[in-house]
Amino acid sequence: YFNELVNRSLIQPVKFDSRGSVTKCRIHDMMLDLILLKSAEENFFTIVDDTRAITGLDYKIRRLSIHLDSLSNGQAILPRNTSMSHVRSVMFFGSSESTPDLLEFKFLRVLFINLPRATVDLSGLPKLYQLRYLRISRICLYQLPAQIRALQHLQTLDLGRCSNIPSDIVQLPHLMNLNVGSEVFDGIGKMKSLQHLCAFDLAVNTIDNIENIGELTNLRYLFISCGPHPEDTERRVDVLRSSLGKLRNLDNLLVSMRGCIDGLMPLSPPPTPYRLERFVMFRNCWFSRIPSWIGELHNLGELQLQVCELLNDGVGILSELPVLVHLDMDIRRAVDKMIAICAGRGTFPALKRFSLQISSMTYLDFQAGVMPKLQRLEVMHNMSGSDQNGAAPAGIEHLLALEELSAAIGCEGATEPTKRSTESALRSAINMHPSHPRVTIRFFRRNLKFLPE
């Protein structure tokens, strides 16, 4: 239905993920007016930003959006003679410094609070027995109650960064989505319904908790972080490796640790094939080389990783991934020999976007038959004033579907003639391409810090 609305131009997509699916959209102002009108007619949704608006309503409100911009006290918008007992969903927006008493909404199922300066009173939260969804913006000030086990129907708890999560959170049997930043989860193995976990910190959790991650067999999204490294980091990574091998339904894995994480190199596959569709390593961690198990990720569509060096066997592992659409790779060590991307073991058959951070573009060689669907190539590197690092990659003309080449170049110490030579080489390489793709070249006065010196 969503795609049909997009095709009819009733919804305008503005942001896409690596596979081309819409992740952010907008609507025309006239369409918004129509939606608001129909929502009011059908009692589907009610927007309130004035006390008189809510007292004048002669129907039972089900879904309510309260805007508190002009009010110093959130209580003022809920007159005493107005019952909120029929409200099932409520959202608070604006700049008020307080919110109405939650007990006014005793049968609430959805609660969303986005008040940047507000001190949110959650003392009545445990009595919202029907609550399914709770999201509070990280810019709000609040304190969770000491116990929340009464929220037996809660499915989503999204608090961004939060401290002092109640220990009885593991006793919420229907909780599927948990976003609370880095927290300690004693007894996390009990949360069998959990599908989305962000984030789990290896540094603050016990070995038992890390081991119990493997019991969350319904988990589909997992964000792993690690604060200041404890002394037994190597052991913790070993336990994590064992736990990850049991998560047969995982399709999104994000890792933000520090340093080399080769402890995950011998990752054993689960009993059934990997389902991972997205694997992201943030730039503060890396592998020494491409792990062989990445070649088993036949559903992988997006891959972001850092390696110390890219060898020919690593290129072969990546080239065989059948549905890989977006590849973002950082080669940390200076390259001193040619990296041939050739049609050997595979051709990168589905790749559409390739982003590479490398010490020198001269060592890149795209051979005939590779990356037949590549549309965008992004290359980032540093150069000095005396070397020839500015030369273009070889074989760009073999990337037959290429639409755009983007180059970001750190120029600290480089002379103007070297910069002009670099730009000329890139544009000459593009001119050899039969479709003459767009080229964008950005020079930075300082070196790009995420690349090797």
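The values are calculated or read from the model by the stated rules, or taken from the named source; none is laboratory data. Given the structure is predicted, the values throughout are model-derived calculations rather than measurements. For neighbour counting, all protein chains shown are included, and Cβ atoms are generated from backbone atoms with ideal geometry for every residue, glycine included. Protein only, heavy atoms only, side chains kept; ligands, DNA and RNA dropped before computing areas. Shrake-Rupley method; radii C 1.70, N 1.55, O 1.52, S 1.80 Å.
Between S421 and A368, what FRET efficiency follows from the Cβ-Cβ distance if R0 is 25 Å, with the result rounded to 0.05?
Details: r = 27 Å, r/R0 = 1.07.
Calculated value: 0.40.
Kindly report the accessible area of the range 112-159 per residue (heavy atoms of protein chains, probe 1.4 Å, no ligands, DNA or RNA), in Å².
On a per-residue basis, 48 Å².
Run the numbers on the range 322-453 and let me know its relative contact order in percent, using alpha-carbon pairs under 8 Å that are six or more apart.
Taking the mean separation of contacting Cα pairs over the length of the range 322-453, I get 24 percent.
Hey, rough spin-label estimate for N7 and M338, points 7 angstrom out along Cα→Cβ, what's it come to in nanometres?
4.7
Express in whole angstrom the spacing between the alpha-carbon centres of the range 271-306 and the range 21-43.
39
If each of A401 and H153 carries a label point 7 Å out from its Cα toward its Cβ, how far apart are those two points in nm?
Taking the two extended label points, one gets 4.7 nm.
Which chymotrypsin sites (Phe, Trp or Tyr not before Pro) does the range 103-188 hold that lie in a coil by DSSP with at most 16 other beta carbons within 10 Å?
F107, Y129
Using the heavy atoms of the protein chains alone and a 1.4 angstrom probe, what is the accessible area of the range 208-358 per residue in square angstrom? List each step's numbers first, then the result.
On the way: 6120 Å² over 151 residues.
Ligands and nucleic acids excluded, the figure is 41 Å² per residue.
Over the range 141-296, what is the mean sequence separation of C-alpha contacts under 8 Å (at least six apart), divided by residue count, expressed as relative contact order in percent?
15
Along the charge dipole of the chain, pointing to its positive end and built from +1/-1 on Cβ of Lys, Arg, Asp and Glu, which listed residue (S359, Y133, C411) has its Cα farthest out?
Farthest along the dipole direction, towards plus: Y133.
Considering Cα pairs under 8 angstrom that are at least six residues apart, work out the relative contact order of the chain and quote it in whole percent.
6
With a 1.4 Å probe and all protein chains left in place, how much of the accessible area of the chain comes from carbon and sulfur atoms, in whole percent?
Working: 11000 of 22220 Å².
Exposed carbon and sulfur together represent 49 percent of the surface.
As a check on your grasp of the helix formula, calculate [θ] at 222 nm for the chain: sum -39500 (n - 2.57) over DSSP H runs of n ≥ 4, divide by the residue count, round to the nearest 500.
When only DSSP H runs of four or more count, the value is -4000 deg cm²/dmol.
Set the Förster distance to 25 Å, then compute FRET efficiency between D49 and D17 from the Cβ-Cβ distance, nearest 0.05.
Working from the Cβ atoms, E equals 0.15.
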